[in-house]
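The values are calculated or read from the model by the stated rules, or taken from the named source; none is laboratory data. On a predicted model such as this, the values are computed, not experimentally measured, just so you know. Cβ placement follows ideal geometry from the backbone for every residue including glycine, while neighbour counts extend to all protein chains displayed.
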Amino acid sequence: MLLVVDNGSIYTKQLTDFLTQKNFSFEKHTPDTLELNSLKKYESIILSGRRKNDKKINEINSKVIKYSIDNNKKLLGICYGAEILALTLGGTIRKTTSIQKGDEIIEILENNLTSKKSITVFESHSFEISKLPSMLIATGKSRNCKYEIIKHKEKSIFGTQFHPEMSVDGNNLIENFCSL
């Protein structure tokens, strides 16, 4: 069973529609309805993007990330989900010079969730990861962002700065994550 943590992204419906279409069994919870002691029943977790910064949401997502690492649960952080992943593990984020919105080509540096050399995805963010913690590596980059796809060095924990739920290549990436 997959857990989708809905952090308020306007794109979460596209994510859950895609998971439904592909017949992936999932439950969706907002951070305020998520029982942290229920995490053990999920095999994998997707952290959605968000609309606004909220200290409580950040705390809950950080606890989910730490649980995933400690218990070898697969995790995919989307946009904000990737940012909070980096922050939780000791990285940093920064405000971008301009809002990144629209299609972007990602150069794949290391095959993990895709076997392609490049993918076209949809961006929608005004913050980005500026420094990776030591246990995360970049596996995809674009001309605007050097940390488009990140991965834990030892575990099935990933992050995307873009919104994979909004493009065909991104949907393939989600499907590959869910099938790990």
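Points to keep in mind about this one:
- In segment 3-12, the residues that are outside any strand (DSSP E or B) and either touching a Phe, Trp or Tyr at 6+ places or on another chain (Cβ under 7 Å) or among the small types (Gly, Ala, Ser) (or both): Asn7, Ser9
- Residue pairs whose Cβ atoms lie under 9 Å apart, separated by 6 or more positions or on different chains, with the first residue in segment 165-180 and in contact (Cβ under 8 Å) with a residue 40 or more places away in the chain and under 16 Å from Ile150 (Cα atoms) and the second of a type in the set (Asp, Glu) and assigned to a helix (DSSP H, G or I), are Ile174/Glu165.
- When residues in segment 149-180 are screened for being among the acidic types (Asp, Glu), closer than 16 Å to Thr12 by Cβ and touching a Lys or Arg at 6+ places or on another chain (Cβ under 8 Å), 0 of them pass.
- Single residue of segment 108-160 satisfying the filter (in contact (Cβ under 8 Å) with a residue 60 or more places away in the chain and more than 14 Å from the chain's Cα centre (by Cα)) that is nearest to Val5 (Cα to Cα): Lys155
Conditions (1) buried (at least 19 other Cβ atoms within 10 Å of the Cβ); (2) basic (Lys, Arg); (3) at pLDDT 95 or above; (4) over 28 Å from Leu34 (Cβ atoms), marked per residue:
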| residue | (1), (2), (3), (4) |
| --- | --- |
| Asn72 | no, no, yes, no |
| Ile78 | yes, no, yes, no |
| Gly81 | yes, no, yes, no |
| Ile105 | no, no, yes, yes |
| Lys117 | no, yes, yes, yes |
| Phe127 | no, no, no, no |
| Gly140 | yes, no, yes, yes |
| Cys145 | yes, no, no, yes |
| Glu154 | no, no, yes, no |
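- Each residue in segment 13-58 was checked for being touching a residue at least 40 places away in the same chain (Cβ under 8 Å), under 19 Å from Ala82 (Cβ atoms) and part of a helix (DSSP H, G or I), and 5 of them qualify.
- Selected residue (criterion: farthest from Val168 (Cα to Cα)) from residues of segment 91-103 that are hydroxyl-bearing (Ser, Thr, Tyr) and surrounded by 11 or more Cβ atoms within 10 Å (Cβ to Cβ): Thr92
- Residue, farthest from Lys52 (Cα to Cα), within segment 78-107, restricted to residues that are touching a residue at least 40 places away in the same chain (Cβ under 8 Å) and aliphatic (A, V, I, L, M): Ile106
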